[in-house]
1. One residue is enough: does region 49-58 have a residue meeting the conditions in contact with a strand residue (DSSP E or B) (Cβ under 7 Å, 6 or more places away or on another chain) and either closer than 30 Å to residue 86 by Cα or among the charged types (D, E, K, R) (or both)?
2. Among the candidates 174, 164, which residue alone is under 30 Å from the mean Cα position of the chain (by Cα) and of a type in the set (Gly, Ala, Ser)?
3. Just to check your reading of the model, which residue among 124, 134 is within 22 Å of residue 69 (Cα to Cα) and aromatic (Phe, Trp, Tyr)?
4. Go through region 137-170 residue by residue and tally those that are over 30 Å from residue 67 (Cβ atoms) and open to solvent by 70 Å² or more (accessible area, probe 1.4 Å).
5. Restricting to region 22-47, give me the number of residues that are farther than 19 Å from residue 138 by Cβ, of a type in the set (A, V, I, L, M) and surrounded by 11 or more Cβ atoms within 10 Å (Cβ to Cβ).
6. For region 54-75, which positions are within 21 Å of residue 28 (Cα to Cα) and either modelled with pLDDT of 90 or more or among the hydroxyl-bearing types (Ser, Thr, Tyr) (or both)?
7. Condition first: among the acidic types (Asp, Glu), touching a Lys or Arg at 6+ places or on another chain (Cβ under 8 Å) and over 30 Å from residue 120 (Cα atoms). Can you find one or more residues in region 41-55 that meet it?
Amino acid sequence: QFSYLFGTSVKTHELSFFDESYLSSRTLDEYRMSGFLFNFGLQYEKSFGQKKLGIGMVFTPSFSACCHADSRFYHLSYLKQGIEESVLDTLKWDVDEKTSRRIDVRNPMNVGFGLSLSEEDKFWVGADVSWTEWSRFSMGDHSDSLADLLRFSVGGRWIPNALSSHYFMKVNYSLNLV
């Protein structure tokens, strides 16, 4: 599978004072990102009479995306009531074109495996495990203390009698745990 990722993320840093005689300040860091993502997968099914055994694997390699970062800094005075804010005066607004920079974002690798057993119009049970390498994520010169993610999922579906004329016998009953 091939995907094109794009989007904008804005981080806001704010220093606020309750006393109006002090100036509050706010910095906006805007990150515009774009890049290509590739997912690879394999799937195999083997029939045993009416039952099927399925095995699968997915892999997303770590990839770097191009990111353009801009910073804006301003001093302002405002009134804040609850979550509403009214800016009274913007005293200084710095948009330095030199702060617009290109940075690389290293996104994590992901590996997953799955196993399922099913019988058509009767039941399906499956289990998945996936691992994402968040500890190697970085954005420019900054890395974070993110931990790798190991995720287990199990689930199943049961149909009491698909050919029955009673509604509750034909319904798919499901249970999934992540």
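The values are calculated or read from the model by the stated rules, or taken from the named source; none is laboratory data. Because the structure is predicted, anything quoted here is derived from the model rather than measured. Neighbour counts are summed over all protein chains in view; Cβ atoms, including those assigned to glycine, are modelled from backbone coordinates with ideal geometry. With ligands, DNA and RNA removed, areas are computed over all heavy atoms of the protein, side chains included. Shrake-Rupley method; radii C 1.70, N 1.55, O 1.52, S 1.80 Å.
1. Yes - at least one qualifying residue is present in region 49-58.
2. Just one listed residue meets the conditions, 174.
3. 134
4. Residues that pass the stated criteria total 11.
5. Total satisfying the criteria: 2.
6. 71, 74 - these are the residues of region 54-75 that are within 21 Å of residue 28 (Cα to Cα) and either modelled with pLDDT of 90 or more or among the hydroxyl-bearing types (Ser, Thr, Tyr) (or both).
7. Scanning region 41-55 turns up no residue that is among the acidic types (Asp, Glu), touching a Lys or Arg at 6+ places or on another chain (Cβ under 8 Å) and over 30 Å from residue 120 (Cα atoms).
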